[in-house]
1. Out of L267, L271, L205, which single residue is aliphatic (A, V, I, L, M) and at pLDDT below 95?
2. Within the stretch 200-210, is there a residue that is over 27 Å from the mean Cα position of the chain (by Cα), of a type in the set (S, T, N, Q) and assigned to a strand (DSSP E or B)?
3. Cβ-Cβ below 9 Å, separation at least six or inter-chain, first residue in the stretch 149-175 and within 19 Å of V116 (Cα to Cα), second of a type in the set (K, R) and surrounded by fewer than 17 Cβ atoms within 10 Å (Cβ to Cβ): which pairs?
4. Residue under question is Y51, and the condition is that it be over 19 Å from Y20 (Cα atoms), assigned by TED's automatic domain parsing to the domain that holds I21 and either of a type in the set (F, W, Y) or touching a Pro at 6+ places or on another chain (Cβ under 8 Å) (or both); does it hold?
5. Quick one: which of N246, N223 is outside the structural domain of G128 (by TED's automatic domain parsing) and under 28 Å from F137 (Cα atoms)?
6. Please go through the stretch 70-80 and give me each residue that is surrounded by fewer than 14 Cβ atoms within 10 Å (Cβ to Cβ) and either touching a residue at least 40 places away in the same chain (Cβ under 8 Å) or touching a strand residue (DSSP E or B) at 6+ places or on another chain (Cβ under 8 Å) (or both), ordered by number.
7. Restricting the search to the stretch 247-269, which residues are farther than 16 Å from T196 by Cα and either in contact with a helix residue (DSSP H, G or I) (Cβ under 7 Å, 6 or more places away or on another chain) or crowded, with 16+ Cβ neighbours inside 10 Å (or both)?
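The values are calculated or read from the model by the stated rules, or taken from the named source; none is laboratory data. Please read all numbers here as calculations on a predicted model, not as lab measurements. A quick note on method: Cβ atoms are made from the backbone with ideal geometry, for glycine too, and the neighbour counts reach across all protein chains shown.
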Amino acid sequence: VIAGDFVPEGLWPQEYDGTYIFADYTFGEMYLLREALEGACRNCSPPVSEYANVTFHSANIVVDMFFGPYKDTQALYYLSLFDESVHRIRYTGSDNRSPNAVIKAHPITVGLDQTVRFDASDSTDPDGDVLRYLWEFDDGMTSTAVNPTRSFAKKGNRRVQLTVTDTNGITDIAFETIVVGTPPLVRIDSPSEGTTFAVGDEFVLSGRAFYVNGNGATVYLKNTVWEVRQHHADHWHPFLAPTIGNDFAIDPAPPPEDYVAATNSYLEIILTGANEDGLTRTVSR
């Protein structure tokens with residue numbers, strides 16, 4: 001269970017005043033905790049609570065939630081590991097629904113001054129409103145076209161933002177990262193591909209990030225970050241948080257969560273390398 005927040009008085013309709021919102025990480029739901037005095041019995045066996053849960057919103061792998069500022073009011077924000085993003089729930093007082101921004105770009109890895117074609121035509125509004133578009137290209141330039149083109153004069157990652165706005169001023173935002181330049185090559189040397197392990201085994205993480213310069217010489221980079229995830233069935237747990245370095249041992253291999261997990265658990269080794277332009281490449285095994 002993920003602790004939440006109380007709905008501020010007067011922010012939402014009266015029936016929400018003072019209601020507590022919390023989330024269930026496993027079931028993927030957010031709940032309202034409301035008084036339910038009718039039938040409550042503390043002394044019964046089993047006791048009957050004075051409170052009842054009411055499903056409020058479906059949300060996978062919520063890890064935090066809180067009320068915070070939004071324009072001239074407040075909104076409920078929650079963080080989800082499912083899509084590694086921050087979500088916002090606000091009360092509008094109308095039946096108008098938010099649009100859905102969809103961003104497409106091709107290609108997403110380019111050289112200097114190479115043209116990228118952007119497309120927002122798959123963006124929609126559930127109420128059929130006409131949408132306005134605003135592109136921000138992370139280089140000071142913008143566009144209001146549906147299908148703009150853009151090239152970039154500097155190497156690095158460009159986080160392009162698309163904002164769509166309906167006729168009532170409600171917005172939605174989507175992002176795409178354009179890689180300008182050539183990311184480094186990344187190689188995991190240890191553990192080798194297909195390595196098996198038993199509980200208690202130790203691994204040494206060793207790998208390289210490098211590129212070949214104009215003279216044909218291999219240049220090795222020091223910016224390497226390791227991460228290890230313990231997978232079980234359709235989910236995973238952190239085993240080694242992102243760690244800078246190379247050629248070091250990690251904690252002994254962990255036991256499975258249960259007997260069944262011994263048949264579908266594994267460790268994923270992830271290595272990310274970065275070059276002088278901030279461009280990265282990630283490999284895993």
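1. Details: L271 fails: at pLDDT below 95; L205 fails: at pLDDT below 95.
Unique residue meeting the criteria: L267.
2. yes
3. Note: pairs meeting the criteria are T149/R117; R150/R117; T163/R132; F175/R159.
4. Details: over 19 Å from Y20 (Cα atoms): no; assigned by TED's automatic domain parsing to the domain that holds I21: yes; either of a type in the set (F, W, Y) or touching a Pro at 6+ places or on another chain (Cβ under 8 Å) (or both): yes.
Against the criterion (over 19 Å from Y20 (Cα atoms), assigned by TED's automatic domain parsing to the domain that holds I21 and either of a type in the set (F, W, Y) or touching a Pro at 6+ places or on another chain (Cβ under 8 Å) (or both)), Y51 does not qualify.
5. Answer to the selection: N223.
6. Within the stretch 70-80, the first condition is being surrounded by fewer than 14 Cβ atoms within 10 Å (Cβ to Cβ), and the residues that meet it are 70-73.
Y70, T73, listed by residue number.
7. Correct list: empty.
Okay, residues lined up against (1) touching a helix residue (DSSP H, G or I) at 6+ places or on another chain (Cβ under 9 Å); (2) outside the structural domain of N223 (by TED's automatic domain parsing); (3) surrounded by 18 or more Cβ atoms within 10 Å (Cβ to Cβ); (4) of a type outside the set (S, T, Y):
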residue	(1), (2), (3), (4)
V110	no, yes, yes, yes
R117	no, yes, no, yes
V130	no, yes, no, yes
W135	no, yes, yes, yes
M141	no, yes, no, yes
G156	no, yes, no, yes
T195	no, no, no, no
